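Report on the structure given below.
Laboratory data are not the source of any read-out in this text; all were calculated from the coordinates shown. Here the structure is a predicted model, which means the values were calculated and not measured. Here the Cβ positions follow ideal geometry from the backbone for every residue, glycine too, while neighbour counts run over all protein chains shown.
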Amino acid sequence: MVLVFAVFLTAAVAFWNLLWVVILALSLAVVVMPLQRRLVERAVPEGLAALVVTTLIFLALVGAVGFTVAVLAQNVDFLVEIVQGITGWIGAAGGGLEEGVTPWLNEKAASLGDEAAGIATQVPTLVLDFIVFFLALYMFIYRGAAVAAELTAALPARLRAVVERMTKASVDTLYAIYIVHVATSVITFFLAIPFFWVLGYGHVIFFAVMAGIFQLIPIIGPSLIMLFIGIFALSQGDIRGAALAAFVGYPVVCALPDIYFRPLMMGRRARIHPVIMWIGFFGGLVVMGLVGFILGPVLVVLAVTAYHILVEELEGAKETADA
């Protein structure tokens, strides 16, 4: 056992910089494994089924990222125009604010070129991370369930029940993060399209994409976009636009996905308190960076599950002692 764990530790240290990629691949594989099993049930070979699922995820991810980047790039000038209009209006009303904000915005715009050049130098590393991610994703989809079953079967019966309970809690949490979270963002995107078309400011797809992206941010969500639109409408003297953002945009685009669609998709599978998820999201991002967005909620939910297991074990021990 010492030798085995020494090998695991050595591998983890050697591939430490890629560990976050492997963890993300594992977490996503856990969620999409049921799709691979459905293909296997329809007489598709396991390796081919894993390859099909991995390819579908690759196409979906590349398509979504490419579409988002293209829309944002086409509307950068419009976004700058909105920000300048708002700062000008606030400066006129508050006296002198524009003089401090506008130079800051110009400085940030001028530094975009340097930041883009810095990102360009990291492209080779990102490409390698991308390749490792999908290779690991394929292997986890292909053999992950079998490896988990082998490890679980080797455990004592009492410990196996605890591990299976924690596994279910982890899978439910990952389901909430990947499936429900992303699906709610997509629903927000489609709900935002008719609203921004009625609003009449043009750039409908741009605003809808921004609303969908912000839906991925816990607590804040697209409410920040509606606040931004409301302030912009007031800066243009458009009372109708501000009223639409407050009384139509917020209830339909912001509140409806969280109040109705998210609980509907969660169902009874993952009854996770929203506050626990928020602690995991923000705490994970602060401590672990991007991978913490996934690992944070999982670790918090595992800690809560472990607490309940501990209480049950103590109660069982107390009953035995009393008897």
Degrees separating the helix 274-288 axis from the principal Cα axis of the chain, which is the longest one: 90
Local electrostatic count, residue 146, Cβ distance below 14 Å [Lys/Arg +1, Asp/Glu -1]: 0
Rounded tilt (10° steps) of 76-94 against the dominant C-alpha axis of the chain: 60
For the chain, built as a Gaussian network whose Cα springs stay under 10 Å, the top-fluctuating residue of 76, 132, 300: 76
Scattering curve values for the stretch 274-323, log₁₀ I(q)/I(0), Debye with Cα scatterers, q = 0.17, 0.20, 0.23 Å⁻¹: -0.55, -0.63, -0.72
Theoretical gain in end-to-end length, residue 2 to residue 152 [0.36 nm per residue, Cα-Cα removed]: 52.0 nm
Those chymotrypsin sites (Phe, Trp or Tyr not before Pro) in the stretch 7-57 that DSSP places in a loop and that have at most 14 other beta carbons within 10 Å: 15
Choice from 252, 65, 298 with maximal GNM fluctuation in the chain (Cα, 10 Å cutoff): 65
Positive-end extreme of charge dipole, the chain - chosen from 61, 206, 39 (charges on Cβ): 39
Local electrostatic count, residue 162, Cβ distance below 13 Å [Lys/Arg +1, Asp/Glu -1]: +1
Binned Cα-Cα distance frequencies in the stretch 4-58 - 10 Å width, integer %: 22, 36, 25, 16, 0
Computed [θ] at 222 nm, helices only, for the chain once each DSSP H run of length n ≥ 4 contributes -39500 (n - 2.57): -27500 deg cm²/dmol
Loop trypsin sites (Lys or Arg not before Pro), the stretch 176-270 (other Cβ atoms within 10 Å of the site Cβ: 10 or fewer; DSSP): 268
Relative contact order computed over the stretch 274-323 (Cα-Cα under 8 Å; 6+ residues apart), in percent: 28
Choice from 247, 282, 228 with maximal GNM fluctuation in the chain (Cα, 10 Å cutoff): 247
Dmax and Rg, reported as Rg then Dmax, of the stretch 1-92 (C-alpha, Å): 22.8, 71
Cβ-based charge dipole, the chain, positive-most Cα from 141, 293, 223: 141
Computed over the chain, Cα set: Rg, Dmax in Å: 24.2, 79
Helix 2-14 axis, angle to the chain major axis (alpha carbon atoms, nearest 10°): 20
Alpha-carbon Debye profile of the stretch 32-83, log10 I(q)/I(0) at 0.14 Å⁻¹: -0.52
